[in-house]
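I have placed the structure first, in the form of structure tokens, so that the comments after it can refer back to it.
The values are calculated or read from the model by the stated rules, or taken from the named source; none is laboratory data. All values reported here derive from a predicted model rather than from experimental measurement. Quick reminder, even Gly has a Cβ in these numbers, built from the backbone with ideal geometry, and neighbours come from all protein chains shown.
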Amino acid sequence: METPSTYTPPKVWQWDAENGGTWAKINRPIAGPTHDQDLPVGQHPLQLYSLATPNGQKVTIMLEELLALGKSEAEYDAYPIKINQGDQFGSGFVAVNPNSKIPALVDQSTTPPTRVFESGSILLYLAEKFGAFLPTEPAQRAECLSWLFWQVGSAPYLGGGFGHFYSYAPTKIEYCIDRFTMETKRQLDVLDRQLADRPYICGAAYTIADIAIWPWYGALVLNHLYNAAEFLNAQSYTQVVRWAEAIATRPAVQRGRMVNRTWGPPEEQLHERHAASDFGTQTQDKLEATAE
């Protein structure tokens with residue numbers, strides 16, 4: 001291991017807004033809006049304000065899966081919140097999510113409209129609203145919710161821990177990378193053991209647990225996240241890879257990954273989504289062919 005740093009924490013921490021790193025200019029130690037900015041509102045019952053990060057993909061995949069089931073009331077408008085430009089600190093977005101994190105949802109079918117924030121909460125809200133992807137039998141429901149909240153509690157170690165120090169930190173710190181790599185691999189092992197005798201996280205049925213976990217851990221082993229699959233020896237988690245590849249073939253998952261994506265190949269981007277026709281036949285054909 002490299003020589004330990006001589007850094008000594010100060011008695012009282014002070015915010016250094018220019019401390020470097022990919023997200024240094026938008027992270028801050030205070031809450032609340034920084035500017036007035038109204039949110040656009042479309043014609044559908046559900047209004048989503050998000051970005052195609054793993055947490056954002058959870059909700060767009062869920063919505064596309066609901067529509068694929070024929071739940072027409074799940075039609076939605078999706079608007080991008082460009083977190084690298086500080087949209088999450090606009091007054092309109094803060095009114096929907098006081099924590100200034102994507103995704104955030106407004107359900108206009110209720111009176112008054114219902115705001116829902118935090119990706120796990122949105123998945124649970126939609127599952128209960130539409131009666132889909134959440135078991136109703138008590139023991140099975142408890143199992144599904146346990147894995148949903150496992151993901152909510154575990155992903156910060158993967159994203160804010162491993163992902164940050166491996167991919168985004170301005171300085172590669174061996175201690176930090178070692179610590180979060182160890183925890184990420186432990187989590188992959190948890191999933192690999194869980195999936196050893198079942199097709200999906202909770203058994204035979206595809207649920208919100210799969211929808212929540214796949215954009216993080218599925219994307220990781222498929223090398224869609226942090227370009228870290230080789231570093232983590234992701235192929236050794238054979239059950240996770242099998243599960244991730246199977247879910248990647250689902251058309252609703254392919255569509256959901258596109259929504260509010262503003263980077264990558266143009267054919268995989270859909271900055272705003274207002275109707276199924278927004279995806280375009282040619283783009284959808286290309287995505288499904290890629291997954292085969």
* The one condition in (1) buried (at least 20 other Cβ atoms within 10 Å of the Cβ); (2) out of contact with any helix residue (DSSP H, G or I) (no Cβ under 6 Å at 6 or more places or on another chain); (3) of a type outside the set (S, T, N, Q); (4) not in a strand (DSSP E or B) that Glu65 fails to fulfil -> (2)
* To do: Return yes when Ile201 is in contact with a Lys or Arg (Cβ under 8 Å, 6 or more places away or on another chain) and of a type outside the set (Asp, Glu) and no when it is not.
  => no
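Do the conditions hold for Asp210, that is, is it surrounded by fewer than 18 Cβ atoms within 10 Å (Cβ to Cβ) and out of contact with any Ser or Thr (no Cβ under 6 Å at 6 or more places or on another chain)? Walk me through how you get there before you give the answer.
Values: surrounded by fewer than 18 Cβ atoms within 10 Å (Cβ to Cβ): no; out of contact with any Ser or Thr (no Cβ under 6 Å at 6 or more places or on another chain): yes.
No.
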* Taking region 106-129 only, how many residues are crowded, with 16+ Cβ neighbours inside 10 Å, more than 13 Å from the chain's Cα centre (by Cα) and acidic (Asp, Glu)? -> 1
* Determine which single condition Thr60 fails, assuming it passes every other condition in (1) modelled with pLDDT of 95 or more; (2) in a loop (DSSP other than H, G, I, E, B). => (2)
* Taking the condition under 30 Å from Pro45 (Cβ atoms), hydroxyl-bearing (Ser, Thr, Tyr) and either in contact with an Asp or Glu (Cβ under 6 Å, 6 or more places away or on another chain) or surrounded by 19 or more Cβ atoms within 10 Å (Cβ to Cβ) (or both), does Thr136 pass? -> no
* Out of all the residues in region 252-292, which are at pLDDT 55 or above, over 17 Å from the mean Cα position of the chain (by Cα) and hydrophobic (A, V, I, L, M, F, W, C)? -> Ala275, Ala276, Phe279
* In the list Ile177, Ile211, which residue meets the criterion of being within 23 Å of Thr53 (Cα to Cα) and under 20 Å from the mean Cα position of the chain (by Cα)? -> Ile211
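For region 111-123, indicate whether the set of residues that are of a type in the set (Ser, Thr, Tyr) and under 14 Å from Asn55 (Cβ atoms) is non-empty.
yes
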* Go through region 18-33 and give me each residue that's at pLDDT 70 or above, within 25 Å of Gly163 (Cβ to Cβ) and surrounded by 10 or more Cβ atoms within 10 Å (Cβ to Cβ). => Ile26, Asn27, Arg28, Ala31
* Structure fact -> Here the residues within region 35-57 that are assigned to a loop (DSSP other than H, G, I, E, B) and closer than 16 Å to Trp263 by Cβ are Leu51, Ala52, Thr53
* Residues (more than 14 Å from Ile30 (Cβ to Cβ) and at pLDDT 90 or above) located in region 2-17 -> Thr8, Pro9, Pro10, Lys11, Val12
